[in-house]
Amino acid sequence: MTAKQRPLNRILMTLALIPLVSCVSDDVFTEPNMDFGSLRAVAVLPFNNFTAEEFASARVRDAFSTMLLATGALYVIPPGEVARAMGAIGRIPREGPSSEQIKQLADALDADAIITGVVLEYGPVRSGSASANVVSVSLQMIEKASGMVVWSASSTRGGITVWDRLFGGGGEPMNAVTEKVVNDLLDKLFD
Amino acid sequence: MISWTSSSISIRPVWGLLALLALLSLSSCASRPEPSDGPPEPQLPPPAGQAVNYGDLIAVLPISNLTGTSAPLRAVEKVLRAQLARWGFRIVDADSLAKVMDRYRIRDTGGLSPGVFRALREETGAVGVLMTSLEVFYEDRFPRISLMSRLVAGGDPPEIAWMSGVGLAGDGDVGLLALGRVGDPDALMEIAVRCLVDSLAGSLTETQALGSSASHNRMSECDSRGEVVYSSPEANGKRRFRPRKPLGSPITDVNRRYSVAVIPFLNLSQRRNAGRILELHFVNQLLRNESLSVVDPGLVRQELLANRVVMAAGPSLENARVLSSDESLGADLIFSGVVFDYQDGYGIPKVDFSLTVIEKESHKVVWSSRSYSTGTEGVLFFDLGRVYTAHQLAAEMARGATEALSR
């Protein structure tokens, strides 16, 4: 290798590493036999919170419910109504509701499906002197009639980019990152 | 001689600027009514409905504390009474008011039930009740104060006749060479209360002179310098304060007058009483919409307590059912939401909330939106457009949300 080729190789290697450095990851499952057009109303249960931020799950759930309702494709049962129904059927395990509980909840709320979720990351991440906000969410949709998971997806947005490393800046605001995650999940739901 | 000529030439633009500023200040003064020695003679018969006229006897309730900490409530009330006296308002004396409050065990002065309104009217002769909430009071090097006040006509049912709010920071909108900086908390309190009372007096005199109902009460507001500004109901708020995602179904029937009830927002923020503060901001902004009739927050609270409704997890259809039934308030639209952030301390203010509107007829959510902003968002040069208090920020955001709703 000549001395002139070395810098070029370094640039190419750096470019190849960029997608790895900025946190973008996708996972989606869709039940092939499910007719999603038959769904009219869904209930979004409180998400599990695996982060240190106390109200991270409430924030992400609120953003998801609002933006899902805005699509006009599905009616989202108000959160207070969901809480009332959950109180009536008793304790729901941290791992998620059982098939029986899904049925009871859906009947009480007149919902066609139940959406559960987990907030895996919500807050700033650091690497050296650079820091940026990251949000990672995983969702499941469980159909009332079959009690089966018909859709599942996860998304992570934000994180430290090359720009943040080079010039600082602290990344995007948390709300903006949350909206990106929710938009990504909605894209996966309606694709 | 030469030097004098050259200096006079250089001074000319400065004199021109000063003259322009003087003219501007004169024109702004001219737009505001001035206090007088006593109540003016009515020019037209009192308007129909439940308007409170300038010169009617009003009861001034003790200040409601929404600061989340101890605050000089008596001092604020004293300044408020002094400012009302300056305008010649007739006020129920403190002893008579205290007797009624003792008899009916009134502790929450942020809202009253219809029964207490009736009792106040019968026992003291008060036509209206002035309720004021202190949102923020800091007396550090650069003090801050935020107040929200409303005058409720004590009819059956009671109706809001006027409402306004003010949020000032001593080091906020200080103007040229920081001449507007205020370091004395008492002085800032005086400016804030004066603005509220000027707005009240201006609204009542205009309403009376024009002989129309409460619509003219809804055009005045206090700006970030504590000056009353009059704006047209058609004037739009700033785009950057509108909801990020204008979502859901807008209210389309413009020929209908909707009755609206606002429930205290569910508070998930660190700031105590943020839910009640957002509720007041939305009531204030919704009052500016001519097609809406807004129920007084005191009546909403009374109905929720009477029906033992607790909002533990956000808006629910049960809350809406209670407030929309014809036996209670009969509200067509129920506004509610969740506050995630309300930072009104020193530094850059930040407000983050979601809004949900439930309709009586369909019994469904007809509007849902999310709003979040900071005082420096969209500010690029020299702090132009910066918002210094969470009060101003929340007011602008509530205005943006209500405007988006009526589009």
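Note down the net charge around A:Arg126, summing +1 for each Lys or Arg and -1 for each Asp or Glu among other residues with Cβ under 12 Å from its Cβ. Write out the running numbers ahead of the final one.
On the way: positive: A:Arg165; negative: A:Asp164.
Taking every Cβ under 12 Å from that of A:Arg126, the sum is 0.
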Q.
If I model a spin label as a point 7 Å beyond the Cα along the Cα-Cβ vector, how far apart are those points for B:Arg239 and A:Ala88 in nm?
A. 4.6
Q: Once you have the Cα-Cα distance between B:Ser362 and B:Asp253, take 0.36 nm times their residue separation minus that, and quote the gain in nm to one decimal.
A: 37.8 nm
Q | Local net charge near B:Gly400, Cβ-Cβ under 9 Å (Lys/Arg +1, Asp/Glu -1) | A | +3
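Taking 0.36 nm per residue of sequence separation and subtracting the Cα-Cα distance, how much length would be gained by fully extending the chain between B:Arg321 and B:Arg141, in nm to one decimal? Mind showing how you got there, number by number?
Working: separation 180, 0.36 × 180 = 64.80 nm, distance 4.83 nm.
Between B:Arg321 and B:Arg141, full extension yields 60.0 nm more.
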Q.
Between helix A:79-89 and chain A, what is the angle of the helix's C-alpha long axis to the longest principal axis, kept within 0 to 90° and rounded to the nearest 10?
A. 60
**Q.** Neighbouring partner chain Cβ atoms per residue of A:33-42, average, 10 Å criterion
**A.** 0
Q | Environment charge of B:Gly175, counting only residues whose C-beta is closer than 9 Å and scoring Lys/Arg +1, Asp/Glu -1 | A | +1
Q.
Just to be sure I understand the model, the point goes 7 Å from the Cα along the line to the Cβ. What's the resulting A:Phe29 to B:Arg103 distance in nm?
A. 6.9
Q. Amide H of B:Val60: which non-local residues (sequence gap of 5 or more, or other chain) have their own amide H closer than 5 Å, using H built in the peptide plane?
A. B:Val92, B:Leu130
(Q) Taking the number of other C-beta atoms within 10 Å as the exposure measure, put A:Ser131, B:Ser133 in order starting with the fewest. (A) A:Ser131, B:Ser133
Q.
Output needed: percent of Cα pairs per 10 Å distance bin for region A:21-189, bins running from 0 to the one holding the longest distance.
A. 10, 38, 32, 14, 6, 0
Q | Cut-off 14 Å (backbone N to label point 7 Å along Cα→Cβ of A:Ala52), residues of region A:108-124 | A | A:121-124
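FYI, it's all coordinate maths here, none of it is from the lab. No experiment lies behind these values; they were computed from the predicted model shown. Don't worry about glycine lacking a Cβ; one is built from the backbone with ideal geometry, like all the others, and counts go over all protein chains shown.
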